[in-house]
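Heads up: the structure comes next, in structure tokens.
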Amino acid sequence: MDFRYSARTAAGVLIRGSLSAADRESAVAGLRSRALFVTSVEPQRHRRRDLHWPRPGVSMARARVAFFRSFATLVRAGVPLRRGLTVTIERAENPAFVAALRDVLSDIERGEPLSVAFGRRPRAFTPLIVAMVAAGESGGILDDVLERIALFLERDHALRKSVIAALAYPATVLCASLALVTFLIVRIVPMFSALFASFRVPLPLSTRVLMALGDAAAQPAVLTIVAALVAAATAAGVAAGRTNAGRYAFDRFRLSVPVAGTLLRKTITARFARMLGTLVHSGIELSAALDVVLPVTGSPVHSAALAHVAVALREGEALTPPLAAAGIFDPMLIALVGVGEETGMLDVLLPKAAEYFESDVAVAIATLGAVIEPALIAVLGVIVGLIVYSVFIPLYSLIGSVAQ
């Protein structure tokens with residue numbers, strides 16, 4: 001459960017915040033273990049609903065990007081962390097993220113490090129952010145690290161947005177095409193089927209197949225069976241998606257799709273290079289940085305491959321050989337990583353690799369839009385043309401026989 005609390009420090013300073021605990025007694029015990037005098041602890045169930053179902057408006061990702069850009073600017077200008085958080089809380093627009101920032105502010109007022117406060121809110125701050133902030137605090141370069149985080153989040157958000165926009169259009173056209181074809185088969189074709197049957201017009205094979213589909217779709221039993229099969233397939237897919245093997249199999253499938261799979265592989269490679277380069281440039285050791293990147297690649301296939309790379313690193317190998325042995329990374333990335341290890345400029349060349357693949361993704365998206373639109377229109381035209389042909393050719397025959 002989530003609890004909202006009020007407490008005072010040994011110096012009498014009033015602090016407020018929230019925490020998660022199994023019950024109220026556990027929450028009170030946790031607060032007392034921090035040397036706090038607890039004044040009130042109340043359940044806050046509505047906060048959990050806000051986190052799972054945020055109100056319409058700015059998304060958590062966009063709110064996170066805006067926060068780090070503003071916060072990095074304030075810290076760079078010499079504004080204390082507490083004051084900087086207060087200012088950014090007033091500017092934030094996502095309710096769940098505002099709640100997380102208020103809790104972070106409460107931890108800062110108690111003297112907790114910023115990285116620890118971020119780490120207690122994993123829904124708002126990823127392990128990558130926590131690791132980078134911890135490295136910045138230990139190295140005394142928190143302002144530089146915050147700017148790197150802001151830059152990384154901005155580019156990552158822009159990359160995700162462009163990929164989603166590129167894939168959303170063909171998905172929308174495909175759904176609209178399926179809806180149109182279904183409407184023609186279920187509602188229009190049966191009307192002509194009755195007409196042809198009453199006049200006993202000889203029908204070509206394509207028309208007979210189309211009529212059979214229309215008659216089957218009009219039967220409640222068939223619709224029930226189809227709905228049950230779709231529901232069962234959906235439930236099986238959801239259940240499989242909750243297992244490691246299912247997620248891995250689905251990821252392999254989507255990466256093997258001819259056009260979209262290539263785009264996704266380039267996107268994952270760009271994100272991996274950007275994340276790893278940002279962490280290494282922040283002073284985090286390579287093996288530790290790879291452990292942070294593993295769960296946030298967005299691809300179980302790439303995460304599994306990187307897990308083997310991490311094991312090889314811990315055994316004393318360089319990064320390039322196991323990365324090449326994985327067989328799923330672009331040769332350009334492997335070449336740049338190899339040069340970076342040889343020259344000691346891995347922290348410089350990894351961001352360069354990210355920029356290369358990000359520009360490659362932009363070109364691929366432009367090409368995808370130029371190619372897929374006419375292809376989808378052509379496919380839709382062929383399907384609708386076959387339906388029209390199958391219906392109107394017998395209709396012309398019927399009109400001719402009536403005229404005679």
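Read-outs throughout are calculated quantities, based only on the coordinates presented, and are distinct from any laboratory measurement. From a predicted model like this one, the values you see are computed outputs, not experimental measurements. Note that we place each Cβ from the backbone using ideal geometry, even for glycine, and neighbour counts take in every protein chain shown.
Listing for the model above:
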| item | result |
| --- | --- |
| Gain upon complete extension [Val379, Ala304; 0.36 nm per residue less C-alpha separation] | 23.3 nm |
| Residue among Leu195, Ala165, Ala217 farthest towards the positive dipole end of region 156-263, charges placed on Cβ | Ala165 |
| Cα-centred dipole magnitude for the chain, charges only on beta-carbon of K, R (+1) and D, E (-1), debye, nearest 20 | 1400 |
| In Hz, Karplus ³J(HN,Hα) per residue of region 257-274 (6.51, -1.76, 1.60; θ = phi - 60°; x = Gly, Pro) | 4, x, 8, 5, x, 4, 5, 5, 4, 5, 5, 5, 4, 5, 5, 4, 5, 5 |
| Relative packing of peptides 131-140, 225-234 - highest average C-beta neighbours within 10 Å first | 131-140, 225-234 |
| Whole-Å distance, taken between Cα centres, linking region 231-258 and region 358-376 | 26 |
| Local electrostatic count at Met345 - Lys and Arg +1, Asp and Glu -1, tallied over other residues with Cβ under 15 Å | -3 |
| FRET E, pair Val257, Val230, Förster distance 35 Å, beta-carbon r, rounded to 0.05 | 0.95 |
| Fully extended contour minus Cα-Cα distance, from Leu151 to Ser206, at 0.36 nm per residue | 14.1 nm |
| Fully extended contour minus Cα-Cα distance, from Glu315 to Leu213, at 0.36 nm per residue | 30.6 nm |
| Among 186-198, 82-94, the order from most to least packed when residues are scored by Cβ within 10 Å on average | 82-94, 186-198 |
| Expected 222 nm ellipticity per residue - DSSP helices of 4 or more, -39500 (n - 2.57), all of the chain, to 500 | -25500 deg cm²/dmol |
| Options Asn244, Ala179, Ser256, ranked by Cα towards positive dipole end of the chain, top entry (Cβ charges) | Ala179 |
| Cα gyration tensor category, rounded, prolate or oblate, for region 154-247 with a/c compared to 1.5 | oblate |
| Surrounding net charge for Leu264, when Lys and Arg each add one and Asp and Glu each subtract one, Cβ distance under 11 Å | +3 |
| Sites Ala158 and Ile393 - FRET efficiency at Förster radius 56 Å, r taken between beta-carbons, to 0.05 | 0.65 |
| Counted charge near Leu323, where neighbours are those whose Cβ lies closer than 13 Å (Asp, Glu -1; Lys, Arg +1) | -3 |
